[in-house]
Amino acid sequence: MKTKIYIALLILFSPMLSWTQKDQDINNLINQNVRPSMKKVESVLKEIPGNNPFPDWFQFIEKEAPRFIAHLSFIYPDAVFGFLGRDSLIFSDIIEGFFNSIGEPNKVIRVGMSKATFGMDPDFSPKFNPTDEQIYSLFKSKGFDLKNGMNGRPLILVDTVSKGNGRQGRACLAAMYRLYENSGGNLKDIISRLYFIGVVAPTFRESIYELKEKRKIQETTLKNLEQADQTEYHKNIVPLHYYDQVSTKFAEVGYEHYVGAWNQSFAEITTDKNNHSYAKSLGPKSSDVRMNLLRYQKAIYELVTSDSFLAEVIKKAQALGYQFKIKNRTKKRISKKNYEEDLLLKMEKEKINIESINSEIANFYKPFNKESKKQDISKFFEFYHRISKNYKNRWIPLLVLEQTAVARKNKKISSKEFENILNTVLRDVQPSVTLFTLIQKISMTSKKVTRIFSEKAPFKNRILDNLVKSYQDHQKSWENLKCNRVFLSFNSKR
């Protein structure tokens, strides 16, 4: 009897216990001393209440983050990125969340330091003056070794830069460069596995050295250091820079005075009971500020782990002239279903009556047969002009191509006629409708449609030339994803 009563009580109160646990998980996260990693945010993602409190700043992340990732990966493909100050920790959220989602963890360390850590904050007292050994111990506790980097990988420090041109980052490099050189090491070696990138803020006033100038700038730094006294190393290090070419607002998306910070300024370097070094925080921020940052992190996580975000990174990488590498399991994740759902969602938002338009286009091809198609095909351009004018929407070319592919599959039109229609319609496809999505949509009509693109090499080559000429920035994105049967058959044996 007692057992039955216990079970009944457990069933009755289990929802309350569940909610209590969820609240406890959130509270534990909010009460931790430092900003939580994206892995921890992911563990409580569904329990984080409320919406993104900073939509005005978030829009700059949406626009610029794919380009940011593509640039960092292009210049330092195997690097671990170390984020220094509180204002730059939001970039660690972006990088960590993205790379975790594509099966590449351990791309980020969160260092945690401030101007006060180096005695550079005029409003803070006492003035700390950390030794080179203390600074190195901070990075050593995060896994960095002067001789081996991050287990053989470079460590690239990242921080926002304004009037001081990254004084904290340059101070860190100077300290570790001196230690390495004094231990008998060659400066050239340490520079290749430890360097600094500044994300340029609107208040920056120095010369900008783009990431693509890496080799030249590192050589300049090496020459400067060879001619300088060790005590002046920090003045002779030339940082690389990343900047948002449109607004330079990207650097400010995590600024404390705009969105808050998880904790007060970092101060002196000390050690914990396990002898791990860290920079002390001067105290926590309020729970309200932390909850807002948690909501902000949730929005970032949802953005950077989406398939559409990955597609944008791949596109930005191709614009830089390289192929962004992703693992096979990630390629499988980017399925036709995901792209189809994304496409339908966009159409739904734009209030497109897909069935009505598809029906109208399909009806156009219905009377086609072997005898009449030559006469009817001449009416296509008149029909296409009319339907485009009636609906006035960017998705019309996509829907027309889908039904045209069906007509070709059913042998209602010849390959030459299909080519003429395809070339005509492609000219009207707007850049916002990527050709990857376009060809993906055609492929979903039927597996047999893929044969259209493999009929004859000359036909295939002409169409591919047309695609590349019109939308060259998308072509390699398809090749990278390799989950599109149409593209693979289309581009094979070229």
- Task: Of all residues in region 181-223, count the ones that are in contact (Cβ under 8 Å) with a residue 12 or more places away in the chain and not in a helix (DSSP H, G or I).
- Result: 18
- Verdict on Tyr278 being under 26 Å from Asp25 (Cα atoms) and part of a helix (DSSP H, G or I): no
- For region 311-406, please list each of the helices (runs of 4 or more DSSP H) lying entirely inside it that holds at least 3 residues being of a type in the set (Ser, Thr, Tyr) and either at pLDDT below 65 or outside the structural domain of Asp78 (by TED's automatic domain parsing) (or both). 354-365, 380-391
- Note on the structure: Note on Arg178: of the conditions (1) assigned to a helix (DSSP H, G or I); (2) surrounded by 21 or more Cβ atoms within 10 Å (Cβ to Cβ), unmet is (2)
- Task: Filter region 73-92 for residues that are part of a loop (DSSP other than H, G, I, E, B) and under 23 Å from Ser192 (Cβ atoms) and give the result.
- Result: Tyr76, Pro77, Asp78, Ala79, Leu84
- Could you say whether any residue in region 111-133 is in contact with a Cys (Cβ under 7 Å, 6 or more places away or on another chain) and either among the hydroxyl-bearing types (Ser, Thr, Tyr) or touching a residue at least 40 places away in the same chain (Cβ under 8 Å) (or both)? no
- Taking region 174-215 and keeping only residues that are over 20 Å from Pro154 (Cα atoms), hydrophobic (A, V, I, L, M, F, W, C) and out of contact with any Phe, Trp or Tyr (no Cβ under 7 Å at 6 or more places or on another chain), one is left with Ala201, Phe204
- Identify, from the list Thr131, Thr117, the residue that is of a type in the set (Ser, Thr, Tyr), farther than 27 Å from Phe74 by Cβ and either touching a Lys or Arg at 6+ places or on another chain (Cβ under 7 Å) or surrounded by fewer than 16 Cβ atoms within 10 Å (Cβ to Cβ) (or both). Thr131
- Subset of region 249-275, residues assigned to a loop (DSSP other than H, G, I, E, B) and under 30 Å from the mean Cα position of the chain (by Cα), comes to Lys249, Val253, Gly254, Tyr255, Gly260, Ala261, Trp262, Gln264, Ser265
- List pairs: first in region 224-253 and touching a residue at least 60 places away in the same chain (Cβ under 8 Å) and of a type in the set (Ser, Thr, Tyr), second part of a loop (DSSP other than H, G, I, E, B) and surrounded by fewer than 22 Cβ atoms within 10 Å (Cβ to Cβ), Cβ under 9 Å, 6+ apart or cross-chain? Ser247/Pro202
- Message: Restricting to region 41-64, name every residue that is out of contact with any helix residue (DSSP H, G or I) (no Cβ under 7 Å at 6 or more places or on another chain) and buried (at least 18 other Cβ atoms within 10 Å of the Cβ).
- Response: none
- Message: Of the residues Ile90, Ile109, only one is under 20 Å from the mean Cα position of the chain (by Cα), aliphatic (A, V, I, L, M) and farther than 19 Å from Leu303 by Cβ; which?
- Response: Ile109
- Item | Subset of region 230-248 (residues that are surrounded by 16 or more Cβ atoms within 10 Å (Cβ to Cβ) and in a helix (DSSP H, G or I)) | Tyr233, His234, Asn236
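The values are calculated or read from the model by the stated rules, or taken from the named source; none is laboratory data. Everything quoted here is computed from the prediction, not taken from an experiment. Reconstructed Cβ throughout: ideal geometry from the backbone, glycine too, with neighbour counts over all protein chains shown.
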